[in-house]
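Comments concern the structure below.
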Amino acid sequence: MRVLIVGAGLYGAVCARELTRAGHHCHVIEKRTHVGGNIYTRHVPEAGCHEHVYGAHIFHTNSKRIWDYMCQFAEFNHYVNRVKVAHGEQLYSFPINLFTLYQVFGVRTPEAARARLAADIIDNPAPANMEEYCCSVIGPTLYRLFIEGYTTKQWGRHPRDLPADAVKRLPVRLTFDDNYFNDRYQGIPVGGYTAIVDKLLDGVTVETGVDFHANRDAWIADYDRIIYTGPIDAFFDYRHGVLEYRSLRFERELVGVADYQGNAVVNYTEADVPWTRILEHKHFDMNTKEPVTLITREYPQEWRQGDIEYYPARNEESEALFERYRAQADELAPRVHFGGRLGEYRYYDMHQVVGAALAFCEKVAVAAIDEAVALG
């Protein structure tokens with residue numbers, strides 16, 4: 001088949017690699033001037049590290065299959081994400097673990113921590129909003145320190161104005177384990193993520209700076225299959241309305257010190273601090289040798305058409321709207337496939353994107369075999 005892949009992010013790149021390997025001709029077009037989508041990294045020689053241009057990305061998974069797949073294209077370092085939280089003049093270990101509870105409550109043992117949490121929790125079997133849910137799970141003290149201000153900035157709405165299920169889980173570890181992720185495999189690719197995408201796209205026709213929507217009908221007419229990884233509502237010209245997203249703004253700064261904050265990620269959870277976190281990129285590469293460091297302040301902001309869609313703002317209205325678009329997308333299957341974070345209007349981690357792309361390509365392969373058998 002002749003396959004057009006719209007978007008050179010991770011989903012599109014994995015599809016291009018696997019379908020090309022299966023003998024199909026793939027042509028990738030990308031609106032931005034570079035490949036990689038939001039995992040794009042670039043080398044910053046002054047700081048001796050790679051910059052995560054669109055925010056921090058840490059690869060993590062429990063799937064050996066997906067980990068082994070990614071390791072074909074890069075060597076991963078042994079970076080472990082150990083986030084710190086700044087609130088006022090204090091710094092805390094995060095996610096909430098026994099050391100956090102020692103810092104907040106002075107407890108030293110799991111038993112004492114469990115008892116102190118139980119005393120702080122507000123019993124509520126039917127929380128009406130996110131604030132009530134958090135106070136019923138971790139109590140108001142931890143909620144105000146770690147959740148309230150950060151969530152207000154991140155989503156532009158106070159937690160009491162968000163549904164209770166807006167937060168999937170609030171892990172509290174009664175051990176000193178401060179690894180942000182529970183997954184077995186974790187790391188940052190040596191040489192950055194862009195190098196992985198370049199290898200995935202090796203031998204594939206790729207064009208950057210191309211807007212699919214400017215000549216959409218012609219693109220669709222010229223190919224047997226379309227894999228579309230852009231916003232699903234944009235594909236249909238927003239005919240049912242515009243889906244809701246949150247966006248980000250980044251403020252980068254080269255600082256004349258070898259180490260600015262001693263950690264890759266520090267979250268700022270007070271509502272009156274305008275940024276949600278500061279990234280120090282050389283810690284992702286585990287290299288603090290250079291006398292200059294690069295930091296990025298991350299500011300959540302309201303999304304407007306033309307901005308990058310970072311987070312689907314899922315609520316009842318947006319979910320209902322997405323279902324209308326998905327119904328239309330189903331009518332175009334299998335010739336047009338909608339995949340990835342924007343095509344499926346879901347927030348996916350990188351390992352989920354890779355897994356979904358591999359599953360789709362396997363489905364295409366099975367369908368091709370079935371078709372060949374049917375044709376005799």
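Return the total of residues in the stretch 8-48 being aliphatic (A, V, I, L, M) and assigned to a helix (DSSP H, G or I). Before you say what the answer is, go through the steps one by one.
Going through the stretch 8-48, the residues aliphatic (A, V, I, L, M) turn out to be 8, 10, 13-14, 16, 19, 22, 28-29, 35, 39, 44, 47.
Checking the rest, the ones that are also assigned to a helix (DSSP H, G or I) come to 10, 13-14, 16, 19, 39.
Going through the stretch 8-48 one residue at a time, the tally reaches 6.
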task = Those residues that are without any contact (Cβ under 8 Å) to a residue 40 or more places away in the chain and closer than 20 Å to residue 93 by Cβ, I need them from the stretch 116-131; list them, please.
result = 116, 120
inquiry  = Residues that are among the charged types (D, E, K, R) and either at pLDDT below 95 or outside the structural domain of residue 82 (by TED's automatic domain parsing) (or both), at least 3 per element: which helices (runs of 4 or more DSSP H) completely within the stretch 95-144 meet that?
reply    = 110-120
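From the list 230, 191, exactly one residue is touching a residue at least 24 places away in the same chain (Cβ under 8 Å) and on the phi > 0 side of the Ramachandran plot. Which is it?
191
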query = Is at least one residue of the stretch 39-47 touching a residue at least 24 places away in the same chain (Cβ under 8 Å) and closer than 28 Å to residue 362 by Cβ?
reply = yes
ask   = Does residue 58 satisfy being touching a helix residue (DSSP H, G or I) at 6+ places or on another chain (Cβ under 7 Å) and touching a residue at least 60 places away in the same chain (Cβ under 8 Å)?
value = no
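Conditions (1) touching a Lys or Arg at 6+ places or on another chain (Cβ under 7 Å); (2) surrounded by 13 or more Cβ atoms within 10 Å (Cβ to Cβ); (3) part of a strand (DSSP E or B); (4) aromatic (Phe, Trp, Tyr), marked per residue:
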position	(1), (2), (3), (4)
207	no, no, yes, no
210	yes, yes, no, no
223	yes, yes, no, yes
227	no, yes, yes, no
238	no, yes, no, yes
253	no, no, yes, no
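Within the stretch 59-109, can you find the residues that are closer than 22 Å to residue 297 by Cβ, over 21 Å from the mean Cα position of the chain (by Cα) and surrounded by 13 or more Cβ atoms within 10 Å (Cβ to Cβ)? Break it down stepwise before answering.
Going residue by residue through the stretch 59-109, those that are closer than 22 Å to residue 297 by Cβ are 79, 81-95.
Among the residues that remain, those that are also over 21 Å from the mean Cα position of the chain (by Cα) are: 86-93.
86, 87, 91, 92, 93 - these are the residues of the stretch 59-109 that are closer than 22 Å to residue 297 by Cβ, over 21 Å from the mean Cα position of the chain (by Cα) and surrounded by 13 or more Cβ atoms within 10 Å (Cβ to Cβ).
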message = Whether any residue in the stretch 73-94 is touching a residue at least 24 places away in the same chain (Cβ under 8 Å), closer than 30 Å to residue 219 by Cβ and not in a helix (DSSP H, G or I) is what I want to check.
response = yes
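Residues are listed down the side, and each one gets a yes or a no for (1) free of Cβ contacts under 8 Å to residues at least 24 places away in the same chain; (2) within 30 Å of residue 358 (Cα to Cα):
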| site | (1), (2) |
| --- | --- |
| 255 | no, no |
| 258 | no, no |
| 269 | no, no |
| 279 | no, no |
| 313 | no, yes |
| 319 | yes, yes |
key: Evaluation of residue 342 against (1) out of contact with any Ser or Thr (no Cβ under 9 Å at 6 or more places or on another chain); (2) surrounded by 18 or more Cβ atoms within 10 Å (Cβ to Cβ); (3) within 28 Å of residue 81 (Cβ to Cβ) (one fails), failing number   = (1)
message = Can you list the helices (runs of 4 or more DSSP H) lying wholly within the stretch 280-376 that have 1 or more residues being modelled with pLDDT under 95, over 25 Å from residue 39 (Cβ atoms) and not β-branched (Val, Ile, Thr)?
response = 316-332, 350-374
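For the stretch 162-198, enumerate the residues that are outside any loop (DSSP other than H, G, I, E, B), closer than 30 Å to residue 115 by Cα and either touching a Gly at 6+ places or on another chain (Cβ under 8 Å) or not hydrophobic (A, V, I, L, M, F, W, C) (or both). Spell out how you get there, then give the answer.
Quick first cut of the stretch 162-198, residues outside any loop (DSSP other than H, G, I, E, B) only: 164-166, 185-187, 189, 193-198.
Next, from what is left, pick out any that are closer than 30 Å to residue 115 by Cα: 164-166.
Residue satisfying the conditions is 165 alone.
The values are calculated or read from the model by the stated rules, or taken from the named source; none is laboratory data. Computed from a predicted structure; not experimentally measured. When we count neighbours, we look across all protein chains shown, and the Cβ atoms used for this are built from the backbone with ideal geometry, even at glycine.
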